[in-house]
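Chemist: Before I ask anything, here is the structure I am working with.
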Amino acid sequence: MRKKTQIGYLLKPHWLPLSLAFIAVIGESITDLLEPWPIKVVFDNVLGSKHMQPWLANIVSSVAGHDKLSILAFVAASVLLIALVGAVSSYFEKYLTTSVAQWVSHDLRRTLYHHIQRLSLSFHDNKRTGDLITRITNDISTVQDFISQVLLGLLVNVLTLVGMLGVMFYLNWRFTLISLSVAPVLFVVIYSFTWRIKKASRDVRKKEGEIASIASEVLGSIRVVKAFTREEYEQQRFEQQSLETVESALAARSLKAKLTPIVEVIVAAGTCLVLWYGVRLVLAGTITSGSLLVFLLYLGKMYKPMKDISKMTDTISKTAVGYERIREVVETDREIRNIPGAVHAPNFKGQIEFNHVTFRYPDRPLTLNDVSFHLEPGQVGAIVGPTGAGKTTIISLLARFYDPTTGEVRVDGKDIRKYKIKSLRRQISFVLQESLLFRAPIWQNIAYGRPEASRKEIIEAAKLANADEFIVRLPEGYDTVVGERGMTLSGGQRQRIAIARAIVRSSPILILDEPTSGLDAASEELVFEALMRLMEGKTSIVIAHRLSTIQRADVIFVVEKGTIVQQGTHEELLNRGGLYATLHAKQFRDEETAAVTVE
């Protein structure tokens, strides 16, 4: 995965367009070198009386003639030809590099998104969604800008610079050394500003990630914000973060703004030296005025790449920061991965066993302590206990979202770490407390866990889940597109679609995490009826706060402070007393009180 984000690896599939772009770059560099020479010929051989070099005189005479007007015509045609070659080379260089930049961005975006999806939940627990989105979008855009604007542009400038220096040394090496006297100062200035700009750009990127995170968090929880009338607070929080971003961006902009004028002044000083020394050489008869003009034109062109390179420091700094942020994610290893020798899981019978399992989240106290229990195929096991007791962690370990710190989780007598992760999870279905739906047609949401399901299977699953009766009344039936996160449907309707999704998948193991929480009595009855159908013949683990929903469970595990303190059937646990009986009595009193209040 790390190799796939290396620039060389990303550019390798595009070697042909890059090679053609490189040829175009050479064409651009050659035209830059040739541009001043027609003017030299005009000054020295048309307006002046100096004779042309023999090789050039032969070419001109064979093409145009010997007289000065013929030479002028040849020079004019040469100017146009050089411009055409330069224009064509520039077009193909920009077109090809832009094309490569787009495809490299696509490859990098795909690789990064693929890796983010496959990182362990522990990574996502500690990362903000908005920051990850910024890395997928803005940071990759900086890499795209670098390839399209800087990669070969930098090469053009370097080749042009080297070529011009060669010609200038050929014309007059002393003159060239004087013109280069400012180069060390220019290098020191550009280098010192580059690392400062990079540091400032890194801070700006971090702030932009914070803004995206706040916006993602608030918009994803907009109902809560509105319910508690916290719009003003969230506005202030967003504005504060935005102001911090502005301050960081202005600090970075200030550095970039200082660099260009400093470079201009240094270049002007170099030009003054050359002009002063060059005119003295012309007056002394050491060089011709045409040679001085060519030299000055070359000097301007030589300083232009230097100035362009200084301007590129902004893009280079942004790219370096963006690339670092991308590599930071890509180089994060998955904590949960297929171990060497892992095999494809066979069709499970559904026997589940936790064998002395201990687990802790990073930098937190022990969550589970020596948890052991056993479920036979087809049994329904319920897990109850106070909030924070470790119930959700147990089912997360079964799906291998996390691995135990010590101990083993087994399915059909085999440690689940010996199975390939995908083959394990494909045989587990979930119905969670918060049934998240995607912005897609209802039939796609039902078939999400098994996309190959037929229309007939989808409708049959919806009927078993008591969802068909409301789906057919929707404007477009099963083709109705639900809103983001399914917010255009009621809680009971979303839950029944989630049950239909689990029915379609038809896996031997079923996990139900508070499936009836927050539903009204009518919706709960419909959902509960659908759940009974869903659990038939499956090994099921149910987490529930409402103890009435788990009375029919084959075995109930009571969890407190990460340890199973009781287990048995509903009747056995009530007769035995202890935590379960206490929870049941308290809940029964609360329900009676609520009923009296309503009456």
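Chemist: ARG109 fails exactly one of the following numbered conditions: (1) closer than 30 Å to LEU96 by Cα; (2) surrounded by fewer than 16 Cβ atoms within 10 Å (Cβ to Cβ); (3) of a type in the set (Lys, Arg). What is the number of that condition?
Modeler: (2)
Chemist: Taking the stated definitions as given, is ALA389 buried (at least 22 other Cβ atoms within 10 Å of the Cβ) and part of a loop (DSSP other than H, G, I, E, B)? I'd like the intermediate steps shown before the answer.
Modeler: Numbers: buried (at least 22 other Cβ atoms within 10 Å of the Cβ): yes; part of a loop (DSSP other than H, G, I, E, B): yes.
Yes.
Chemist: May I pose another question? Which of the residues that make up the stretch 402-418 are surrounded by fewer than 17 Cβ atoms within 10 Å (Cβ to Cβ) and either under 14 Å from LEU432 (Cβ atoms) or among the hydroxyl-bearing types (Ser, Thr, Tyr) (or both)?
Modeler: Those that are surrounded by fewer than 17 Cβ atoms within 10 Å (Cβ to Cβ) and either under 14 Å from LEU432 (Cβ atoms) or among the hydroxyl-bearing types (Ser, Thr, Tyr) (or both): THR405, THR406.
Chemist: What pairs can you find where one residue is in the stretch 523-535 and buried (at least 18 other Cβ atoms within 10 Å of the Cβ), the other is modelled with pLDDT of 75 or more and among the charged types (D, E, K, R), and their Cβ atoms are less than 8 Å apart, with a gap of 6+ or different chains?
Modeler: LEU526/ARG496; VAL527/ARG496; ALA530/ARG496
Chemist: Separate question: I want to confirm something. Restricting to the stretch 93-106 and keeping residues that are surrounded by 18 or more Cβ atoms within 10 Å (Cβ to Cβ) and under 26 Å from SER29 (Cα atoms), which single residue is nearest to the chain's Cα centre (by Cα)? Explain how you work it out, then say what you get.
Modeler: The first filter runs over the stretch 93-106 and keeps only residues surrounded by 18 or more Cβ atoms within 10 Å (Cβ to Cβ), leaving 93, 96-97, 100-101, 104-105.
From what is left, the residues that are under 26 Å from SER29 (Cα atoms) are 93, 96-97, 100-101, 104.
On the way: GLU93: 28, LEU96: 25, THR97: 22, VAL100: 19, ALA101: 16, VAL104: 14 Å.
Residue satisfying both the conditions and the ranking: VAL104.
Chemist: Hey, among THR245, THR229, THR271, THR260, which residue is out of contact with any strand residue (DSSP E or B) (no Cβ under 7 Å at 6 or more places or on another chain), modelled with pLDDT of 80 or more and either part of a helix (DSSP H, G or I) or more than 20 Å from ILE211 (Cα to Cα) (or both)? Walk me through it before giving the result.
Modeler: Numbers: THR229 fails: modelled with pLDDT of 80 or more; THR271 fails: modelled with pLDDT of 80 or more; THR260 fails: modelled with pLDDT of 80 or more.
After ruling out the rest, the residue left standing is THR245.
Chemist: Do we find that GLN444 is free of Cβ contacts under 8 Å to residues at least 24 places away in the same chain, among the polar types (S, T, N, Q) and crowded, with 16+ Cβ neighbours inside 10 Å in this structure? It would help to see each step written out before you state the result.
Modeler: Values: free of Cβ contacts under 8 Å to residues at least 24 places away in the same chain: yes; among the polar types (S, T, N, Q): yes; crowded, with 16+ Cβ neighbours inside 10 Å: yes.
Here the answer is yes, as GLN444 does meet what is asked.
Chemist: Check SER141 against each of (1) free of Cβ contacts under 8 Å to residues at least 24 places away in the same chain; (2) assigned to a helix (DSSP H, G or I) and name the one condition it does not meet.
Modeler: (1)
Chemist: Go through the stretch 85-103 and count every residue that is touching a helix residue (DSSP H, G or I) at 6+ places or on another chain (Cβ under 8 Å), over 21 Å from PHE146 (Cβ atoms) and among the hydrophobic types (A, V, I, L, M, F, W, C).
Modeler: The qualifying residues number 2.
Chemist: Something else: Residues of the stretch 349-386 being among the aromatic types (Phe, Trp, Tyr) and either modelled with pLDDT under 90 or surrounded by fewer than 15 Cβ atoms within 10 Å (Cβ to Cβ) (or both), which ones? So that I can check it myself, show each step before the final result.
Modeler: Of the residues in the stretch 349-386, the ones among the aromatic types (Phe, Trp, Tyr) are 354, 359, 361, 373.
Listed by number, the list holds a single entry, TYR361.
Chemist: If you don't mind, there's one more thing I want to ask. Which ones in the stretch 461-474 are surrounded by fewer than 20 Cβ atoms within 10 Å (Cβ to Cβ) and free of Cβ contacts under 8 Å to residues at least 40 places away in the same chain? Working first, answer last.
Modeler: Of the residues in the stretch 461-474, the ones surrounded by fewer than 20 Cβ atoms within 10 Å (Cβ to Cβ) are 463-464, 468-470, 472-474.
Result: LYS463, ASP468, GLU469, PHE470, VAL472, ARG473, LEU474.
Chemist: Moving on to the next point. Residue check, GLY270 against (1) within 20 Å of PHE193 (Cβ to Cβ); (2) within 44 Å of the chain's Cα centre (by Cα), all met but one. Which one?
Modeler: Of everything listed in (1) within 20 Å of PHE193 (Cβ to Cβ); (2) within 44 Å of the chain's Cα centre (by Cα), GLY270 misses just condition (2).
Chemist: So, in the stretch 223-273, how many residues would count as being free of Cβ contacts under 8 Å to residues at least 12 places away in the same chain and not hydroxyl-bearing (Ser, Thr, Tyr)?
Modeler: If we filter the stretch 223-273 for residues that are free of Cβ contacts under 8 Å to residues at least 12 places away in the same chain, which is where we start, we get 224-233, 235-236, 239-240, 243, 246-247, 250, 253-254, 257, 261, 265, 268, 272.
Restricting the remaining residues to those that are not hydroxyl-bearing (Ser, Thr, Tyr) gives 224-228, 230-232, 235-236, 239-240, 243, 246-247, 250, 253, 257, 261, 265, 268, 272.
Total satisfying the criteria: 22.
Chemist: Now for a separate question. Can you tell me which residue among SER213, SER181 is buried (at least 16 other Cβ atoms within 10 Å of the Cβ) and either under 30 Å from ILE287 (Cα atoms) or in contact (Cβ under 8 Å) with a residue 12 or more places away in the chain (or both)? Break it down stepwise before answering.
Modeler: Working: SER181 fails: buried (at least 16 other Cβ atoms within 10 Å of the Cβ).
Selected residue: SER213, the only one of SER213, SER181 that is buried (at least 16 other Cβ atoms within 10 Å of the Cβ) and either under 30 Å from ILE287 (Cα atoms) or in contact (Cβ under 8 Å) with a residue 12 or more places away in the chain (or both).
Chemist: Regarding the stretch 189-197, can at least one residue be identified that is assigned to a helix (DSSP H, G or I) and farther than 30 Å from LYS258 by Cβ? Don't jump to the end; show me each part of the working.
Modeler: Restricting attention to the stretch 189-197, the residues satisfying the condition of being assigned to a helix (DSSP H, G or I) are 189-197.
Still in the running and farther than 30 Å from LYS258 by Cβ: none.
No: the stretch 189-197 contains no residue that is assigned to a helix (DSSP H, G or I) and farther than 30 Å from LYS258 by Cβ.
Chemist: Going residue by residue through the stretch 554-573, is there one that turns out to be aliphatic (A, V, I, L, M) and modelled with pLDDT under 80? I'd like the intermediate steps shown before the answer.
Modeler: Kept after step one, since they are aliphatic (A, V, I, L, M), are these residues of the stretch 554-573: 555-556, 558-559, 564-565, 573.
Checking the rest, the ones that are also modelled with pLDDT under 80 come to none.
Checked against the condition, which is being aliphatic (A, V, I, L, M) and modelled with pLDDT under 80, the stretch 554-573 yields no hits at all.
Chemist: Checking the structure you have, find out if any residue of the stretch 347-359 is farther than 22 Å from LEU510 by Cβ and part of a loop (DSSP other than H, G, I, E, B).
Modeler: No, the stretch 347-359 contains no residue that is farther than 22 Å from LEU510 by Cβ and part of a loop (DSSP other than H, G, I, E, B).
Chemist: Out of all the residues in the stretch 148-159, which are of a type outside the set (Gly, Ala, Ser) and either in contact (Cβ under 8 Å) with a residue 60 or more places away in the chain or outside any helix (DSSP H, G or I) (or both)? Quick ask: steps written out before the conclusion?
Modeler: If we filter the stretch 148-159 for residues that are of a type outside the set (Gly, Ala, Ser), which is where we start, we get 149-152, 154-159.
Answer for the stretch 148-159, where residues must be of a type outside the set (Gly, Ala, Ser) and either in contact (Cβ under 8 Å) with a residue 60 or more places away in the chain or outside any helix (DSSP H, G or I) (or both): GLN149, VAL150, LEU152, LEU154, LEU155, VAL156, ASN157, VAL158, LEU159.
Chemist: Also: Only one residue in THR160, THR194 is more than 36 Å from the chain's Cα centre (by Cα) and of a type in the set (Ser, Thr, Tyr). Which one?
Modeler: On the way: THR194 fails: more than 36 Å from the chain's Cα centre (by Cα).
Exactly one of THR160, THR194 is more than 36 Å from the chain's Cα centre (by Cα) and of a type in the set (Ser, Thr, Tyr), namely THR160.
Chemist: Considering only residues that are β-branched (Val, Ile, Thr) and assigned to a loop (DSSP other than H, G, I, E, B), which ones fall in the stretch 402-412?
Modeler: Step one: filter the stretch 402-412 for residues β-branched (Val, Ile, Thr), giving 405-406, 409, 411.
Hit for the stretch 402-412 is THR405, nothing else.
The values are calculated or read from the model by the stated rules, or taken from the named source; none is laboratory data. Since the model is a prediction, treat every value here as computed from it, not as a measurement. Using ideal geometry, Cβ is built from the backbone for each residue, glycine included, and neighbour counts are taken over all protein chains shown.
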